[in-house]
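The structure appears below as C-alpha cells.
The values are calculated or read from the model by the stated rules, or taken from the named source; none is laboratory data. As the structure is a computational prediction, the values presented were derived from the model and not from experiment. Please note: Cβ atoms are built from the backbone with ideal geometry, for glycine as well, and neighbour counts cover all protein chains shown.
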Amino acid sequence: MVILKRFVAMVQFFTSIPIPVNLNCDEKDYGKGLVFAPAVGLIIGVLLYVLCSVLKLFLPIKVATAFVIVGYIVLTGGLHLDGLGDTFDGLFSNRPKERILEIMRDSRVGTNAVLALISVILLNYTMLSELELMPKVLILFPVAGRIGSLIGAGTSVYARKNEGLGKSFIDYCGGKEMFIGAVISFVIFGMVWRLKGLIMAFILIITAWVITKIFTRKLGGATGDILGAVCELNQTSFLLLNYILIFGELWM
C-alpha cells in the first residue's frame, strides 16, 4: 500500500493530472517516492506521444512540435522550468551563497531566467522537430528529465538552513532510492529502445550527476529549484545526444 501511495504522490506532485485523493503524505513519503520519478516521466511521455499522434494527422511537424512543447508545459505545470529559471537567476548573479539562495526564492523573474528558459525551450523544439517527433525519443525524453531529479536529490545535501520545497526529496532520497530508481529507468529504456536504451539510460545517469555537481559546487548543496533545473537540462541533453548520434549515423 505504501508503494502505491508514494507512486500516486509522485504523479500528483510532478504532473497536473487530476487525481482527487488526499494521501496524507509526509516528508519521508516524498523523498522515498522519488524512486518512481522515471515512471512518472514515462506517463508524461506516453501522453505526449498520444497528443503527437493526433496532431500529426492534420498539422505539419514543426507546428505539431510547438503544440507538443506546450502540452509538456501544461502536463508538468511548468514546475521544472520554474526551477530552471530560478537556478540561473541565482547562480549567475555572482553573489555570495546566502544572497544566491534569496534570489532563487524570489518570485520575480530576472534576465538570466528568461535567457535560460528561452534557450532550453528553443533547443527542445529544434531537436524534437529535426528528429521528426520520433516516437521513442518523444516517449523517453521526460523519463530522462526525471532521472535527473532522482540523481540530483540522491547525490546532494540540502543547501538551505531552513525548510524548503526540495528538502524532503533531498533528505530522504539516498543510495537505495537511486539504485531502485536507476533499475526502473533501465527497464523503461530497455523496453522502449532495447540495448540502445540501456546505453542511453546509463549515459543519462552520468549527465545528471555532472550537471548536479556543477550546480551545487558554489552552494555546497542542492535545492528544489536545482532539482528542477537538472531535470530540464538532462532532458535537453538527451535530445541533443540523440540528434548528434542519429544524424551522425552512429545510432541507426
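The table below gives the values:
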| quantity | calculated |
| --- | --- |
| Qualifying residue in segment 98-106 (condition: buried (at least 21 other Cβ atoms within 10 Å of the Cβ) and at pLDDT 95 or above) | no |
| Tally of residues being surrounded by fewer than 17 Cβ atoms within 10 Å (Cβ to Cβ) and without any contact (Cβ under 8 Å) to a residue 60 or more places away in the chain across segment 111-132 | 7 |
| Selected residue (criterion: modelled with the lowest pLDDT) from residues of segment 164-199 that are within 12 Å of Leu34 (Cα to Cα) and either part of a loop (DSSP other than H, G, I, E, B) or of a type in the set (Phe, Trp, Tyr) (or both) | Gly166 |
| Pairs with Cβ under 6 Å, 6+ apart, first in segment 158-173 and at positive phi, second among the charged types (D, E, K, R) and part of a helix (DSSP H, G or I) | none |
| Of residues in segment 36-95 being hydroxyl-bearing (Ser, Thr, Tyr) and more than 17 Å from Pro135 (Cα to Cα), the one nearest to the chain's Cα centre (by Cα) | Thr76 |
| Some residue of segment 97-118 being small (Gly, Ala, Ser) and touching a Phe, Trp or Tyr at 6+ places or on another chain (Cβ under 8 Å) | yes |
| Residue in segment 140-163 that is modelled with the lowest pLDDT, counting only those that are surrounded by fewer than 22 Cβ atoms within 10 Å (Cβ to Cβ) and either farther than 15 Å from Gly224 by Cα or basic (Lys, Arg) (or both) | Lys161 |
| Cross-chain or 6+ apart pairs with Cβ under 7 Å, segment 23-34 first and in contact (Cβ under 8 Å) with a residue 24 or more places away in the chain and more than 15 Å from Gly152 (Cβ to Cβ), then surrounded by 14 or more Cβ atoms within 10 Å (Cβ to Cβ) and polar (S, T, N, Q) | Glu27/Ser168 |
| Number of the condition not met by Gly220 [criteria: (1) modelled with pLDDT of 90 or more; (2) part of a helix (DSSP H, G or I); (3) out of contact with any helix residue (DSSP H, G or I) (no Cβ under 6 Å at 6 or more places or on another chain)] | (2) |
| Some residue of segment 198-207 being within 28 Å of Tyr49 (Cβ to Cβ) and over 17 Å from the mean Cα position of the chain (by Cα) | yes |
| Residue in segment 106-119 that is assigned to a helix (DSSP H, G or I) and either under 23 Å from Ser185 (Cα atoms) or in contact with a Pro (Cβ under 6 Å, 6 or more places away or on another chain) (or both) present | no |
| Boolean, Ile211 is under 22 Å from Arg95 (Cα atoms), part of a helix (DSSP H, G or I), among the hydrophobic types (A, V, I, L, M, F, W, C) and in contact with a helix residue (DSSP H, G or I) (Cβ under 7 Å, 6 or more places away or on another chain) | yes |
| Residue that is farthest from Gly154 (Cα to Cα), among those in segment 210-252 that are among the aromatic types (Phe, Trp, Tyr) and buried (at least 16 other Cβ atoms within 10 Å of the Cβ) | Tyr243 |
| Residue list for segment 75-101, restricted to those being assigned to a loop (DSSP other than H, G, I, E, B) and either in contact with a Pro (Cβ under 7 Å, 6 or more places away or on another chain) or not aromatic (Phe, Trp, Tyr) (or both) | Gly77, Gly78, Ser93, Asn94, Arg95, Pro96 |
| Qualifying positions in segment 79-123 - under 19 Å from Ser149 (Cα atoms) and touching a Ser or Thr at 6+ places or on another chain (Cβ under 6 Å) | Val120 |
| Neighbours by Cβ (under 9 Å, 6+ apart or cross-chain): first from segment 189-206, closer than 16 Å to Leu42 by Cα; second of a type in the set (D, E, K, R) | Phe189/Lys196; Val192/Lys136; Trp193/Lys136; Gly197/Lys136 |
